[in-house]
1. If each residue of separation counts as 0.36 nm, what is the full-extension length gain between residue 24 and residue 3 once their alpha-carbon separation is subtracted?
2. Compute the helix-to-body angle for 98-110: its Cα long axis versus the longest principal axis of the chain, expressed 0 to 90° and rounded to tens.
3. Averaged over every viewing direction, what's the projected area of the C-alpha convex hull for segment 31-110? Give it in nm², one decimal, please.
4. Pick the calculated mean projected area of the Cα convex hull in nm² for this structure from (1) 22.4; (2) 10.9; (3) 16.4?
5. May I ask for the angle, rounded to the nearest 10°, between helix 2-18 and the longest principal axis of the chain, with both axes built from Cα atoms and the value confined to 0 to 90°?
6. Could you state the angle between the C-alpha long axis of helix 71-80 and the longest principal axis of the C-alpha atoms of the chain, as a value from 0 to 90 degrees rounded to the nearest 10?
């Protein structure tokens, strides 16, 4: 299992380098509980900065190896994206919005989303994880054929 994971990470590292992304999987010490990151994204959405925050989360995790489930890391991301404000720590640690986020996670799991990245085509096909481009081409071509 570990050998297979290392092969997958190596492939992702190699593909990333082709587009000047230098993944640092060796820096990642544990797979974090990403709930706080999702709560941060919900907050960022309300401020119309979700994409910027998501990029910062990915950078902090995949490049810096930081624990994106840790409150201090989340606060750092808030500051990096100019979203830090009084009361944000209380919000992140509160139960506010937790039920909605947990329901979204249940819905995602119910339709087959099991990780990132995840691609959904035509509300029919769910592709989890990094895949060769041929997989995407085949799905897109099959959707074109079905539409005709």
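Every read-out reported here was derived from the displayed coordinates using simple, explicitly stated rules and does not represent laboratory data. Just so you know, these numbers come straight off a predicted model, no measurement behind them.
1. 5.8 nm
2. It is inclined by approximately 10 degrees.
3. Mean orientational projected area (segment 31-110, Cα hull): 5.2 nm².
4. Of the labelled values, this structure produces (2).
5. Around 90 degrees separate the two axes.
6. It is inclined by approximately 80 degrees.
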